[in-house]
């Protein structure tokens, strides 16, 4: 079987079949911004739903949130984003392309310090760079009706902080006890220095994150738990194990708040095939809750400084943080502590891309190439397609009745145009697991033909059993 190995083929498939389009395409497009089409929006919704079902619906120890994109500026001061969330960049003097310093490769036979031996990824020039400078990754905007009451705020660069600042609200309004988690899916925004590889790295993206709160000393156990659970989620939804790996972070690449971190990586078809991050699982210790306790105590100072974040100091250790408002009292152990946090953080857009790449296959049918997407039924955009063999003899009416019945339970598609073989091929390329065809025999014995996508095997069942058949086969 031939396998797609070029990203260009994936992009072409997505455009041709209505998965993903360039944003604002009729105006020439907007760089690194994409719109999900009819099939893509269904795929993305199914990936979200599969994540939510696995992490919230099927667990007793996790609850959900849906937080605002706009947050108080002190949130980002406390989290460190206002001061530290920047990349060090440089500009090539020859082609004027901006690059992250830590992403620049060294030229062959060059061992010079600094940027002298580095190669521009755009034009290949060696050592032709400006002095490194910080590049802020957060998008800024103004909130307020006029100049007098306006305030500089940020589009959130991650969904995690909304969870941390609602930690006490969740404790006070639910019956959760540590260990427990809070989950959220939502949009985040980062003013990336460079975007990459279609929807893999964009400035607007969707995250699915869990902040799992646990007692200090149990964090390593829960870290191992979430490594295994999150890897299994991908394989359970059809990703091939040989295309996935867990890569621990080296000490010099750990975030300032992290005790440990591991990436779930997928072998994407970038170039000859590159391992790239799908999801990070981090042990954030008690950093975030401690920082937000400090932030809560600086609100008056923030107003006194007229909202100037640069003049706010969050480094004081004078308070007893074990007894602060974001601490937790364990009734059984009679102990108060700041919880540690394990954070599995996945990218929904990256996951969609991985599922598309991994599902794509090609085979040959009667001497002709067949392209298909072998999606797991849970994420397949369309679960079943219904066809009348021809547009006469009452077949369309029967097909419509079946379609109207099963569409209440599954996302289905009705098609009566062109030869049935061509209709099968269109659904194969869309990843539809089953096609149901109504033909001349249907009126005689009330049976229909059900064709399975991957094997192309066909069987006849009574049309009254179609709904139950699909329920059993799809297992959703």
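Annotations
- Counting only helices (runs of 4 or more DSSP H) that sit wholly inside segment 418-476, those with at least 2 residues that are under 36 Å from the mean Cα position of the chain (by Cα) and under 18 Å from residue 39 (Cα atoms) are 420-430.
Residue by residue, here is whether (1) in contact (Cβ under 8 Å) with a residue 24 or more places away in the chain; (2) touching a helix residue (DSSP H, G or I) at 6+ places or on another chain (Cβ under 8 Å) holds:
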residue: 13; (1), (2): yes, yes
residue: 18; (1), (2): no, yes
residue: 27; (1), (2): no, no
residue: 31; (1), (2): yes, no
residue: 48; (1), (2): yes, yes
residue: 57; (1), (2): no, no
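- Residue list for segment 168-187, filter: surrounded by 13 or more Cβ atoms within 10 Å (Cβ to Cβ) and part of a loop (DSSP other than H, G, I, E, B): 176, 177, 178, 179
Quick grid of which residues meet (1) touching a residue at least 24 places away in the same chain (Cβ under 8 Å); (2) in contact with a helix residue (DSSP H, G or I) (Cβ under 9 Å, 6 or more places away or on another chain):
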site: 197; (1), (2): yes, yes
site: 200; (1), (2): yes, yes
site: 208; (1), (2): yes, yes
site: 211; (1), (2): yes, yes
site: 218; (1), (2): yes, no
site: 234; (1), (2): yes, yes
site: 241; (1), (2): no, yes
site: 260; (1), (2): yes, yes
site: 279; (1), (2): yes, yes
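- Conditions (1) in contact with a helix residue (DSSP H, G or I) (Cβ under 7 Å, 6 or more places away or on another chain); (2) part of a strand (DSSP E or B); (3) surrounded by 21 or more Cβ atoms within 10 Å (Cβ to Cβ); number of the one not met by residue 246: (3)
- Conditions (1) within 22 Å of residue 192 (Cα to Cα); (2) over 27 Å from the mean Cα position of the chain (by Cα); (3) at pLDDT 85 or above: number failed by residue 133: (3)
- Here segment 265-277 is the region considered, the condition is being free of Cβ contacts under 8 Å to residues at least 40 places away in the same chain and in contact with a strand residue (DSSP E or B) (Cβ under 9 Å, 6 or more places away or on another chain), and the residue that is surrounded by the fewest Cβ atoms within 10 Å (Cβ to Cβ) is 274.
- Of the residues making up segment 419-453, not one is closer than 26 Å to residue 44 by Cβ and surrounded by fewer than 12 Cβ atoms within 10 Å (Cβ to Cβ).
- Selection status of residue 223, more than 20 Å from residue 52 (Cβ to Cβ) and assigned to a strand (DSSP E or B): no
- When segment 334-361 is filtered for residues that are surrounded by fewer than 17 Cβ atoms within 10 Å (Cβ to Cβ) and over 28 Å from residue 161 (Cα atoms), the ones remaining, listed by number, are 334, 361.
Yes/no matrix, rows are residues, columns are (1) at pLDDT below 70; (2) surrounded by fewer than 13 Cβ atoms within 10 Å (Cβ to Cβ); (3) within 30 Å of residue 359 (Cβ to Cβ):
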position	(1), (2), (3)
254	no, no, no
258	no, no, no
279	no, no, yes
286	no, no, no
292	no, no, no
298	no, no, no
306	yes, yes, no
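The values are calculated or read from the model by the stated rules, or taken from the named source; none is laboratory data. Treat the numbers as computed from the prediction; the structure is a model and nothing was measured. Here Cβ is always computed from backbone atoms with ideal geometry, including for glycine, and neighbour counts include all displayed protein chains.
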